[in-house]
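The values are calculated or read from the model by the stated rules, or taken from the named source; none is laboratory data. A quick note: this is a predicted structure, and the numbers were derived from the prediction, not measured. When we count neighbours, we look across all protein chains shown, and the Cβ atoms used for this are built from the backbone with ideal geometry, even at glycine. Only protein heavy atoms, including side chains, enter the accessible area calculation; ligands, DNA and RNA are left aside. Shrake-Rupley method; radii C 1.70, N 1.55, O 1.52, S 1.80 Å.
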Amino acid sequence: MSMTRRELLHYFGVTAAGLAGPGCIGWTREEAIPVDSWHKSVCRFCGSGCETRVGVRGGKVVKVEGLQEGWNRGRLCIKGLLNREILYVSDRAQYPMVRKNGQLVRVSWDEALDAAAAGFREAIAQGGPDAVAYYGSGQLFTQESYTANKLFKGGIGTNNVDGNPRLCMASAAFGYKSVFGADEPSGCYDDIEHATTFFVIGANMAECHPVVWERVRDRLRTAPQTRVIVVDPRRTPTARDATLHLQLRPGTDVALLNAMAHELLRTGLVDRTFIDNFVTFRKGAADAPPLTREDFQKFLEDYAPEKVADLCGLSSAEIREAARLWGISQAVTSFWTMGLNQQTHGVAANRMMMALHLLTGQIGRPGASPFSMTGQPNAGGGVRDTGSLAHALPAGRLVSKEKDRHEMEKLWGLPEGRISPNPGLSAVPLFEAMREGKVRAALVMATNPARSLPNADRYRVGMEKAFLVVCDSIFPTDTAQLADVFLPAAMWAEKEGVFSQSERRYHLVQKLVEPPGEARSDLEILVALGERLGHGELLKARTPEAVWDEWRRISAGSTYDFTGITYARLKELPGLVWPCPSEDHPGTCHRYVPGKDPLAKKEGRIDFYARPDGRAIVYLSEQGPFREALTGDYPMILTTGRRLEHWHTATLTGRIPQLQGVDMDYLEMHPGDAAVMGVNEGDLVQVTSARGSVRLQAKPSMRVRPGVVFALMHSMKHLVNAATSDHVDPISAQPEYKMAAVRVERVKEGT
Ligand code: SF4
């Protein structure tokens, strides 16, 4: 049967969020699919982490639905419903390959793994352990990221372990760690039913986390007095639900949040008791000398609403109203994601979001929580919790701390001094080091950096130069085409492992069907490679359950304690939210709250136990200058984002036949700008930054501000990341995808 998008979404019971945009016409799907058995699982796509029930028949996944008992109450967005389809796209990788005479040719697993190990051994022989690297993904299972991290940091002896979560949420991770002493949000999705105000900044949740947003809409339906403040340079579908939409100029979030803090303090809409008992003020670093609330107030004088309104592209009245609505609210839940994180001021912006909650005591109560969302299904648990980043070690430990290294050496059974004290290379410098020939070999798993890195053409050169082992479920991706060795990987229901989504909920993905061809799980691949590199003894835990149990033991006693999340419980329950230190513990919604969080030992309102003094930090955070000034050559700002039907670089969703008609190749520009340039809808325009250019179809739209243009990051035909900025935040090393200085020109026919 053929359906319009509206009919399709109603047919599947998809969220109203799905009705936001055009596309998806011509969808067909079988009715009344017979199912032999149903199994609990989790969506493969975004960091909302919707729980699913999966129907299997004849060794195939035949149906995926939302799990009624899950936090998502049976809902899935259109991407969730397509979990089945991505298993059976025609480009699934099936056989190992090795490059011979310039061509990737099919070989046996033994030959491919031997070649991979030989390439790594040669690179280490020439340049030492830091001549090799691992670049992973928030799409791997926790067991896989944990094992890769252990192999490279504990076995090979390099901290060159990073991955695509650096690109999407490193600024949030550094923000949480520096403010609370521990990473990850403090609240949970149940807060949505208690919030009286939602503050959404740099997040188009109606399209990028649609099922969570639908729960927000439920709240708006049942409690219509609930307010929504949306801060976004673009009038997104999320902004359509807003009581107040602040359409700020890209990259001015810190100034706006400082101005709100100024106004809250000026009007007395702060919680003085909470501040006096649970907060300190500092500038720069967590161990900087403490300052006073008066120091903070003085610092904010430069950020009075009327002083920053022009910079932010807002009126001072709008800023005051946002502060007032926040200040008079019973319970504020704030959501943010890439829009806030992907800036050179990303950590400062994150710190200020948390500061607004601390100044007003809007934390540790039902409905009151600072809540960053993740983009991938396991960036939190798999990468942040396991410390699979260049600066980190498992469960909040840091490479730079001797005590932390020695603890991990002991836990991994390694001699003292085995783990390098030098933080490794984070994503952008890692690929730059490949360009320079300093990193000679790299293992890339479950990600497509040739398309997802900013200034992508520059780093492609490095990938061409290095000995590249690529492990993925799809072939050929842009990165796979550069591989010296390609290893085919199983995908979600073809292997077993644990995902953790934005609210710290760990849940199990069961193996239900066999992978295609000779594809293997990433865990099997890591163990086989580790053995060939002489680290088989280190990787004694080899099954998903054995690795999980080892990882549980390592979490014991840390601020990430989830010892009580056993496999048996994960099989039974729709996930568990950590901290969860014992097998009879139900999981924790509100961290840091005595009586609710088992790790909070003090009495009273809150215990920020991960900080030495038990107090969270409000940082004096400057807006700082823009890394890319607008000039005559580059007078406009390019910002990027997503749409409902597609996910990230569309490596998966772009291959689903039913989504082929969904347009990904347009540039939104303000109608006034288009008129000045003589550009009409559908005209080909070239967007050029100091790094590169991309050609897209013009789409004049009131969604964007004058002077700002917007492109989807999904485009498969055009490399939008040729133009995006690879400037990084100085603390988190997260790149500034959300703001590049560009010029836009109409392309004349024949050029
Ligand atoms: S909201 Fe995210 S996790 Fe939920 S179904 Fe959609 S893509 Fe999957």
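Below are the figures for this structure:
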quantity	calculated
Top-ranked residue of segment 186-212 - restricted to ones that are assigned to a loop (DSSP other than H, G, I, E, B) and crowded, with 24+ Cβ neighbours inside 10 Å, ranked as farthest from the ligand (Cβ to nearest atom)	SER186
Only listed residue being under 19 Å from VAL498 (Cβ atoms) and part of a loop (DSSP other than H, G, I, E, B), chosen from ILE525, ILE565	ILE565
Selected residue (only one of VAL469, VAL527 is touching a residue at least 24 places away in the same chain (Cβ under 8 Å) and either open to solvent by less than 10 Å² (accessible area, probe 1.4 Å) or over 30 Å from GLY413 (Cα atoms) (or both))	VAL469
Filter result (touching a helix residue (DSSP H, G or I) at 6+ places or on another chain (Cβ under 8 Å) and hydroxyl-bearing (Ser, Thr, Tyr)) within segment 556-574	TYR560, THR563, THR566, TYR567
Check on VAL444, open to solvent by 40 Å² or more (accessible area, probe 1.4 Å), touching a residue at least 24 places away in the same chain (Cβ under 8 Å) and among the aliphatic types (A, V, I, L, M)	no
Single residue of segment 422-441 satisfying the filter (more than 27 Å from the chain's Cα centre (by Cα) and not small (Gly, Ala, Ser)) that is surrounded by the fewest Cβ atoms within 10 Å (Cβ to Cβ)	GLU436
Any chance HIS714 is modelled with pLDDT under 95, within 17 Å of ASN455 (Cα to Cα), touching a helix residue (DSSP H, G or I) at 6+ places or on another chain (Cβ under 9 Å) and not small (Gly, Ala, Ser)	yes
Residue match in segment 496-506 (condition: assigned to a loop (DSSP other than H, G, I, E, B), within 30 Å of GLY641 (Cβ to Cβ) and aromatic (Phe, Trp, Tyr))	no
Residue in segment 32-45 that is at pLDDT below 70 and more than 10 Å from the ligand (Cβ to nearest atom) present	yes
Answer residue from segment 49-61, given it is within 16 Å of the ligand (Cβ to nearest atom) and in contact (Cβ under 8 Å) with a residue 24 or more places away in the chain and is surrounded by the fewest Cβ atoms within 10 Å (Cβ to Cβ) among those	VAL61
Conditions (1) in a loop (DSSP other than H, G, I, E, B); (2) farther than 28 Å from MET352 by Cβ; (3) open to solvent by 10 Å² or more (accessible area, probe 1.4 Å); number of the one not met by ILE419	(3)
Any hit, segment 123-136, residues being under 30 Å from ARG643 (Cα atoms), within 16 Å of the ligand (Cβ to nearest atom) and of a type outside the set (Lys, Arg)	no
Checklist (1) outside any helix (DSSP H, G or I); (2) within 16 Å of the ligand (Cβ to nearest atom); (3) open to solvent by less than 10 Å² (accessible area, probe 1.4 Å) applied to ASP162, failing item	(2)
Selection from segment 86-109 of residues that are open to solvent by less than 20 Å² (accessible area, probe 1.4 Å) and assigned to a loop (DSSP other than H, G, I, E, B)	VAL89, ALA93, PRO96, VAL107
Positions within segment 62-85 being within 9 Å of the ligand (Cβ to nearest atom), closer than 20 Å to TYR506 by Cβ and in a loop (DSSP other than H, G, I, E, B), in sequence order	ASN72, LEU76
Sole exception among (1) within 27 Å of ILE86 (Cα to Cα); (2) within 25 Å of the chain's Cα centre (by Cα); (3) outside any loop (DSSP other than H, G, I, E, B) for THR447, by number	(3)
Conditions (1) open to solvent by 40 Å² or more (accessible area, probe 1.4 Å); (2) at pLDDT below 95: number failed by ARG29	(1)
Number of the condition not met by SER558 [criteria: (1) of a type outside the set (Asp, Glu); (2) at pLDDT 95 or above; (3) out of contact with any Phe, Trp or Tyr (no Cβ under 9 Å at 6 or more places or on another chain)]	(2)
Near pairs, Cβ below 6 angstrom, 6+ apart or cross-chain, from segment 624-649 (on the phi < 0 side of the Ramachandran plot) to any residue that is of a type in the set (D, E, K, R) and not in a loop (DSSP other than H, G, I, E, B)	TYR634/ARG743; ARG643/GLU207; LEU644/GLU207; TRP647/LYS79; THR649/ARG451
Any hit, segment 121-144, residues being among the aliphatic types (A, V, I, L, M) and open to solvent by 10 Å² or more (accessible area, probe 1.4 Å)	yes
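To keep it simple, each residue is scored yes or no on (1) in contact with a strand residue (DSSP E or B) (Cβ under 6 Å, 6 or more places away or on another chain); (2) in a loop (DSSP other than H, G, I, E, B); (3) under 26 Å from LEU468 (Cα atoms).
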| position | (1), (2), (3) |
| --- | --- |
| LYS511 | no, yes, no |
| GLU518 | no, yes, yes |
| LEU538 | no, yes, yes |
| SER558 | no, yes, no |
| LEU570 | yes, no, no |
